[in-house]
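Here, each number is a calculation from the coordinates, and none is a lab measurement. It should be emphasised that the depicted structure is a prediction, and the values quoted were computed from it without experimental measurement. So basically every Cβ, Gly included, is an ideal-geometry build from the backbone, and we count neighbours across all protein chains shown.
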Amino acid sequence: MPEGHSVHRISRQFALHFVGKAVAVSSPQGRFAVGASEIDGRLMTAAKAVGKQLFLEFDNGLWLRVHLGMYGAWDFAGDITADATTASANGRMGQTNQRGTVLDSAGEDSLHSIGAPRKTRLRMAEQEKLEPDIDTFPPEPIGQVRVRLLVSDAVADLRGPTACEVLTPDRVAATIAKLGPDPLVDDDREGEERFVMAVRKKPTPIGLLLMDQAVVSGIGNVYRAELLFRARLDPHRPGRLVPEELVRELWRDWSRLLHIGVETGQMMTMDGLDTDGHRKALANRADRHWVYHREGLPCRICGTNIAMELAAGRKLYWCPKDQV
């Protein structure tokens, strides 16, 4: 399932290429024909992400809400960029304000590999994938496209979402009100306080609370495992028994990792890497995580085999020595 950084990057694609333009909206598979007709031809005025949910506003006051869920994905094609964040920052990223390189699975600079003026295709879901260039625009829909958003030079196709609906502003506000704080949306101090209060009053294990979108927005299976390891925190400890300062550090660390994820397009959770190690980690998921997907492999710190168990139907990875 796409985690918070992916949805924020998708939102930025829409901000770069769709906001401020009249959008032709259709439902190639037919399942969203009524909803599409409500916003077809309207000007897109805003794109925002809150946790794992995307909200697109149109000039008639209606919003398109999308939750990708386990199987959803957006396919962008046309004059688009594979790195909306870097492009929107004039090629600069990170705290050092130096020009950055965003590596694809082959370790190449994804911006450079797109080139210009070719029209390209980019899939954005849990992982981003740059696909072969397109010869004609707009390309024919591929598969069961729930909704297609088309402007003069870009198209976005949505497939397999858990939720796709048109909402009024009141319903958008009500939906967002049910979500926990998001470090990229909420005031940092207020978000931290909301998170601390939600965690510290619950007997639920912290490993489950971090996945509860009413407690904190955007954290999924990968970030959950990595945040807990980075804090050396037992995933089974009840939230109300986690020391307050440690809960605050979890929020601050989540904010750090989320910003890195949006900047790089990767769930980079390891610290202290040299230049070569950093490039390898960006290019290969196996080199960028402490415990996630490392069941049976030695802990990078203590050498104990990483454990895996099911928690609320999702795989939880943790170190039985360092996290007790």
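Expressed in nm to one decimal, what extension gain is obtained for the pair residue 315 and residue 285 from 0.36 nm per residue of sequence separation less their Cα-Cα distance?
Details: separation 30, 0.36 × 30 = 10.80 nm, distance 1.67 nm.
Once the chain is fully extended between residue 315 and residue 285, it gains 9.1 nm.
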* Structure fact -> Rounded to the nearest 0.05, FRET efficiency between residue 152 and residue 274 (Cβ-Cβ, R0 51 Å) equals 0.70
* Student exercise, the chain dipole from Lys, Arg, Asp, Glu Cβ charges, in Debye to nearest 20 -> 680 debye
* Report the equivalent ellipsoid semi-axes for the chain in whole Å, largest first, defined as the square roots of five times the eigenvalues of the gyration tensor built from alpha carbon atoms. => 34, 24, 17
* If you take the beta carbon distance between residue 59 and residue 197 as r and set R0 to 35 Å, what does 1/(1 + (r/R0)^6) give as a FRET efficiency, to the nearest 0.05? -> 0.40
* Asked: Which listed residue (209, 138, 158) has the Cα farthest towards the positive end of the charge dipole for the chain, taking +1 on Lys and Arg C-beta and -1 on Asp and Glu C-beta about the Cα centre?
  -> 209
* Asked: Does segment 180-318 come out rounded, prolate or oblate by the C-alpha gyration tensor, with a ≥ b ≥ c the root eigenvalues, rounded set by a/c under 1.5 and, if not, prolate when a/b is larger than b/c and oblate if not?
  -> oblate
* Using a Förster distance of 22 angstrom, determine the FRET efficiency expected from the C-beta separation of residue 162 and residue 45, and round it to 0.05. => 0.35
* **Of 286, 218, 298, farthest towards positive along the dipole that unit charges on Lys, Arg, Asp, Glu beta carbons give the chain** => 298
* Specify the angular offset, from 0 to 90 degrees and rounded to the nearest 10, of the alpha carbon long axis of helix 4-17 from the longest principal axis of the alpha carbons in the chain. => 20 degrees
